[in-house]
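Everything on this sheet refers to the single structure shown next.
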Amino acid sequence: MIHIPLWRTLLTVGVCLLGIIFVSPNFFTREQLEHFPSWFPKSKVVLGLDLQGGAHLLLEVDFDAVLKDQMTSLADATRTVLRKERIGYRGLATKNDAVILTLRNPDDLEKAKTVLKQNERDIEITSTPEGQLTLSLNENTISERKKSALAQSIEIVRRRVDETGTAEPFIQRQGEDRILVQLPGLDDPTRIKNLLGKTAKLQFRFVDTSVTAEPGKPTPGNDVLPSQDKEEGHVVHYAVKKQAIVSGENLVDAQPGFDQYNRPIVSIRFDSLGAKKFGDATKNNVGRPFAIVLDNKVLSAPRINEPILDGHAQISGSFTVQEAQDLALLMRAGALPAPLKILEERTVGPGLGADSIASGEYATIIAILMVAAFMFIAYSFFGAIANIAVVFNLLLLFAALSVTHATLTLPGIAGIALTIGMAVDANVLINERIKEEIRLGRKMLSAIDAGYNRAMTTIIDSNLTTLIGVGLLYYFGAGPTRGFAVTTSIGIIISMFTAISLTKQIVAWWINWKRPTRLPI
Amino acid sequence: MGLQLIPYNANYDFVGKKNFIFGILMAVAIVCLGYIFIVGFNYGIDFKGGLLLEIRTQQAVDISKLRSDLSGVVEGEVTLQEFGSPNDVLIRVERQPGGEEAQLAALGKIKEKLGASVDYRRVETVGPKVSEDLIRNGIFAIVWALVAMLVYIWFRFEWQFGVCSVITLAHDALIVLGLFCIFRLEFNETAIIAVLITVTYSINDTVVIYDRIRENLRKFKKMPLRDLINKSINETLSRTILTSTTTLLSLFGLYLFGGPVIAAFSLPIIVGILAGTVSSITVSAPLLLHMHLRPDQMQNSTDAEVL
């Protein structure tokens with residue numbers, strides 16, 4: 001008799017039963033599962049994009065652009081403060097991450113530092129005795145602002161993707177400045193890429209008609225911006241005031257529509273603050289043109305015919321219907337704090353995904369059959385027991401994948417096949433040990449016991465070293481690599497259970513039932 | 001009654017032939033190393049950046065016409081490869097000069113040229129930044145895996161075991177990397193996985209043998225070290241061969257029936273596991289003879305370090 005405590009028997013049987021229950025949803029369709037009782041598990045194995053088809057985009061937030069913007073506004077603020085305090089300066093310029101200026105009178109140094117620090121607390125000021133000042137943001141502030149820009153970007157990306165109606169998008173932060181967007185089932189991400197490629201910074205600004213707009217030569221207080229229109233083959237430029245009347249932050253809604261000539265437009269609605277700003281500006285400037293600027297491009301430059309006080313406005317600008325729809329979507333979702341760069345794009349069509357699943361399944365089944373046949377030839381009865389363990393290993397592996405929502409990828413399938421090969425390893429170790437103990441003259445039962453006990457340290461040492469390697473693979477790897485690491489590590493852990501507890505249990509039952517006198521090993 | 005692959009009283013003299021075996025394996029490793037440094041890898045899209053498209057067309061594809069069509073719209077080299085069937089083509093385009101935007105612009109041009117009738121089964125564009133990260137992470141993963149295993153084995157056994165196992169693993173990794181170099185296999189992120197699988201698998205075999213050596217060191221305190229190591233290798237030989245066979249069987253299943261992508265992935269693993277099995281048996285354990293495993297007076301008399 002091999003004695004196994006009752007609690008261990010119950011635990012082993014319990015784990016196997018739970019495995020069967022949790023793996024079963026994978027054999028039913030979603031509709032069928034709806035009719036099952038509520039306690040019944042419903043989660044299935046999540047397939048990676050390489051298996052179910054879909055688009056994968058890796059985006060990077062361009063912080064340099066954010067920093068540049070902030071330096072420009074810091075330079076503006078510095079100019080205003082120094083003028084107000086009547087401190088003379090020259091050579092005010094922005095560098096990559098700093099604003100530099102030189103005081104006309106080095107004696108003003110302390111005063112200048114104090115007033116500038118009062119105006120903007122998060123800056124650091126260094127100076128030379130000759131009166132040169134360097135203003136920069138301190139490390140903490142920069143990292144805080146990066147963090148908030150990333151969080152805000154993720155939110156805007158999510159809103160834009162949601163608005164397109166893509167099913168179950170997966171959007172996640174990656175590292176310090178990246179966003180991973182996964183869109184299952186989408187095999188042409190062109191539209192999403194276009195939508196994400198725009199910052200969508202919307203501004204309403206006055207056109208300065210007193211100067212001529214020459215590209216590349218802005219006059220003080222103005223920007224020269226290109227428009228969508230062409231005249232005699234040249235793009236029309238406008239000289240536009242730097243100061244915005246009102247910007248996209250004050251929008252509450254934007255919808256595509258048509259004007260009285262049936263041309264696509266976007267109608268927008270401001271919030272109360274935006275409506276007031278816009279109302280005041282239009283009331284005082286009837287007859288002047290203003291520009292609707294999106295990402296530093298003039299969409300249109302209409303003349304103010306009458307004050308617009310209700311906060312409703314229309315944007316026209318020779319759009320196609322699709323462009324008007326996308327523009328409205330971008331305005332509703334809001335502007336990105338910084339431009340996004342697409343670092344990586346991977347798309348898998350549904351056909352290839354289905355093929356991969358089919359060939360993966362086929363190859364796995366063949367692998368199981370070959371291993372099972374080999375194990376049976378090598379260990380006959382004990383080989384058959386090891387094969388039962390392999391079947392339960394796979395079953396529990398899929399149950400674990402279903403419950404944890406871990407993603408199954410193509411390399412993950414390779415991981416499963418490798419796990420099958422390795423799952424029998426523990427049984428090989430045990431069986432070889434039992435054979436050895438019998439040769440050394442032990443009685444059958446004590447040989448079995450010794451075989452299991454002695455093989456334990458080896459199994460634990462060899463599997464733990466393997467787990468360490470796979471763990472690092474998970475830590476450093478990205479999508480497909482992680483898929484492999486997940487199935488392999490779960491497989492190894494489960495194999496320790498199936499090979500040790502399950503097979504020993506089966507052997508014990510068999511011995512108690514048959515009472516054999518010698519081992520068929 | 002089961003089959004006995006290895007006779008149970010096997011007594012092959014692995015330690016006696018160690019210099020011969022070390023010589024061969026060292027030569028193979030040096031050839032691999034030479035290839036890696038002189039010829040270099042055939043880097044794929046993951047590490048080089050660029051574009052990759054797998055398309056399926058209605059009719060069989062005229063590869064040479066397609067190549068000249070595409071060469072006209074993008075910069076750099078365009079390689080085409082029939083992928084499984086005459087209607088399936090794998091298109092690889094070198095990384096376009098410029099940053100991330102340039103890659104996406106090239107993709108647009110290619111799609112325009114191919115027209116709407118083709119079915120895009122897979123499209124990948126990788127910009128320069130991502131490929132740098134992937135290379136760095138791949139190297140980190142391999143190096144840290146080696147270090148972590150060294151520490152674990154040091155902790156569970158003795159430092160000598162750790163050092164010998166890492167030497168063995170480095171050899172195995174080199175063989176797989178050499179395979180990629182010599183046969184110009186595309187070196188992608190999956191290649192790093194293949195190396196790591198090789199390493200983790202080989203350590204498994206090595207640990208099983210070391211475990212037996214540790215056990216025998218306690219059991220046979222007077223046995224000469226070279227006999228003890230030989231005995232341990234032979235006692236575990238049956239298990240080492242059996243487990244490698246089952247793993248190789250399932251990998252062959254993948255290689256033959258898993259489709260082109262899985263096949264490309266499983267081939268280097270098959271070679272790696274073969275190399276790992278051989279080196280675990282013939283290198284990792286005999287190498288221990290050169291380490292001071294026991295206090296000096298107990299070392300084997302044939303060991304040169306003992307006076």
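The values are calculated or read from the model by the stated rules, or taken from the named source; none is laboratory data. Only a predicted model underlies this, so the values are computations on that prediction, with no experimental measurement involved. Virtual Cβ from ideal backbone geometry, glycine too; neighbours counted across all protein chains shown. Keep in mind that these areas ignore ligands, DNA and RNA; they rest on the heavy atoms of the full protein, side chains included. Shrake-Rupley method; radii C 1.70, N 1.55, O 1.52, S 1.80 Å.
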Checklist entry - Can you give me the relative contact order of chain B as a percent, contacts being Cα pairs under 8 Å and 6 or more apart? => result 24 percent
Checklist outcome for this item: By the mean-Cβ-within-10 Å protection proxy, highest first, B:59-70, A:96-107, A:25-36, B:242-253 rank as B:242-253, A:96-107, B:59-70, A:25-36
Checklist outcome for this item: For the stretch B:50-126, averaging the sequence separation of alpha carbon pairs under 8 Å that lie six or more residues apart and dividing by its residue count, the contact order in percent is 47 percent
Checklist outcome for this item: In the stretch B:247-268, the residues losing 10 Å² or more of accessible area (1.4 Å probe, heavy atoms of protein chains only) relative to their chain alone are B:Thr247, B:Leu249, B:Ser250, B:Leu251, B:Gly253, B:Leu254, B:Phe257, B:Gly258, B:Val261, B:Ile262, B:Phe265
Checklist entry - So, with +1 on the Cβ of K and R and -1 on the Cβ of D and E, and no other charges, what is the size of the charge dipole of the stretch A:63-142 about its Cα centre, to the nearest 20 debye? => result 400 debye
Checklist entry - Helix A:410-439 versus the longest principal axis of chain A: what is the Cα-based angle in degrees, 0 to 90, to the nearest 10? => result 30 degrees
Item to check | Value of [θ]222 nm, deg cm²/dmol, for chain B, DSSP H segments ≥ 4, -39500 (n - 2.57) each, nearest 500 | outcome: -21500 deg cm²/dmol
Next on the checklist: Below 8 Å, C-alpha to C-alpha, sequence gap of six or more: please give me the relative contact order for chain A in percent.
Outcome noted: 19 percent
Checklist outcome for this item: Check: C-alpha center the stretch A:226-290 vs C-alpha center the stretch B:105-130, spacing in Å is 36 Å
Checklist entry - When you count, for each residue, the other Cβ atoms within 10 Å and take the mean per peptide, how do A:250-260, B:272-282 rank with the highest first? => result B:272-282, A:250-260
Checklist outcome for this item: Taking R0 as 22 Å and r as the Cβ-Cβ distance between A:Gln260 and A:Glu231, the FRET efficiency 1/(1 + (r/R0)^6), rounded to the nearest 0.05, comes to 0.30
Item to check | Selected from A:Gly287, A:His56, A:Leu251, residue furthest toward positive end of dipole (chain A; charges at beta carbon) | outcome: A:His56
Next on the checklist: Need one value for A:423-434: mean number of C-beta atoms belonging to other chains within 10 Å of its residues' C-beta atoms.
Outcome noted: 5
Item to check | Cβ-based charge dipole, chain B, positive-most Cα from B:Gly50, B:Phe37, B:Gln160 | outcome: B:Gln160
Next on the checklist: Per residue, how large is the accessible surface of the stretch A:451-493? Use a 1.4 angstrom probe and give square angstrom.
Outcome noted: 33 Å²
Checklist outcome for this item: Accessible-area order for A:Thr78, A:Thr94, largest to smallest, probe 1.4 angstrom, reads A:Thr94, A:Thr78
Checklist outcome for this item: Reduced to Cα centres, the span from the stretch B:164-204 to the stretch B:215-283 in Å works out to 15 Å
Checklist entry - With +1 on each Lys and Arg Cβ and -1 on each Asp and Glu Cβ, how big is the dipole of the stretch B:50-126 about its Cα centre, in debye rounded to the nearest 20? => result 140 debye
Checklist outcome for this item: Full extension between A:Arg83 and A:Phe381 adds, at 0.36 nm per residue less the Cα distance, a length in nm of 97.9 nm
Next on the checklist: Once R0 is set to 45 Å, what does the formula 1/(1 + (r/R0)^6) return for the Cβ-Cβ distance between B:Ala116 and B:Asp227, expressed as a FRET efficiency to the nearest 0.05?
Outcome noted: 0.05
Next on the checklist: At 20 angstrom or more along the helix axis (alpha-carbon based) and mean Kyte-Doolittle of 0.0 or higher, what helices does chain B contain? Whole DSSP H runs only.
Outcome noted: B:18-38, B:128-156, B:159-182, B:189-219, B:225-257, B:259-279
Next on the checklist: If you count only protein heavy atoms with a 1.4 Å probe, what accessible area per residue comes out for the stretch B:13-153, rounded to a whole Å²?
Outcome noted: 50 Å²
Item to check | Accessible heavy-atom area order of A:Trp510, A:Trp7, highest first, probe of 1.4 Å | outcome: A:Trp7, A:Trp510
Next on the checklist: P(r) for the stretch A:178-242, please, calculated from all Cα pair distances in 5 Å bins and given in %.
Outcome noted: 3, 14, 17, 15, 12, 10, 10, 9, 7, 2, 1
Item to check | Surface accessible to a 1.4 Å probe, A:Met444 within the full protein complex, Å² | outcome: 30 Å²
Checklist entry - So, in Å, what gap is there between the alpha-carbon centers of the stretch A:344-388 and the stretch A:396-422? => result 11 Å
Next on the checklist: Given the whole protein assembly as supplied and a 1.4 Å probe, what does the accessible area of A:Glu85 come to in Å², nearest 10?
Outcome noted: 70 Å²
Next on the checklist: Tell me the mean residue ellipticity at 222 nm calculated for chain A from its helices only (DSSP H runs of n ≥ 4, each -39500 (n - 2.57), averaged over every residue, nearest 500).
Outcome noted: -17500 deg cm²/dmol
Checklist outcome for this item: At R0 = 60 Å the Cβ-Cβ FRET efficiency linking A:Asp122 and B:Asn19, nearest 0.05, sits at 0.30
Checklist entry - Hey, if we sort A:Trp39, B:Trp144 by accessible area with the 1.4 Å probe, largest down, what's the order? => result A:Trp39, B:Trp144
Next on the checklist: Give me the base-10 log of I(q)/I(0) for the stretch A:33-132 at each q in 0.21, 0.22 Å⁻¹, Debye formula, one uniform scatterer per Cα, rounded to two decimals.
Outcome noted: -1.07, -1.14
Checklist outcome for this item: Taking every residue of B:199-209, the Cβ atoms of other protein chains inside 10 Å of its Cβ average out to 6
Next on the checklist: Only four residue types carry charge here, +1 at the Cβ of Lys and Arg and -1 at the Cβ of Asp and Glu. Report the dipole size of the stretch A:254-340 about the Cα centre in Debye, rounded to the nearest 20.
Outcome noted: 200 debye
Checklist entry - Against the longest principal axis of chain A, how steep is helix A:6-23, in degrees 0 to 90 to the nearest 10, with axes from Cα atoms? => result 50 degrees
Item to check | Accessible-area value, B:Arg226, 1.4 Å probe, nucleic acids and ligands omitted, Å² | outcome: 70 Å²
Checklist outcome for this item: P(r) of the protein assembly as shown over all Cα-Cα pairs, 10 Å bins starting at 0, rounded to whole percent, reads 2, 11, 17, 18, 16, 13, 10, 7, 4, 2, 0
Checklist entry - Can you give the mean number of other chain Cβ atoms that lie within 10 Å of the Cβ atoms in peptide B:106-116? => result 1
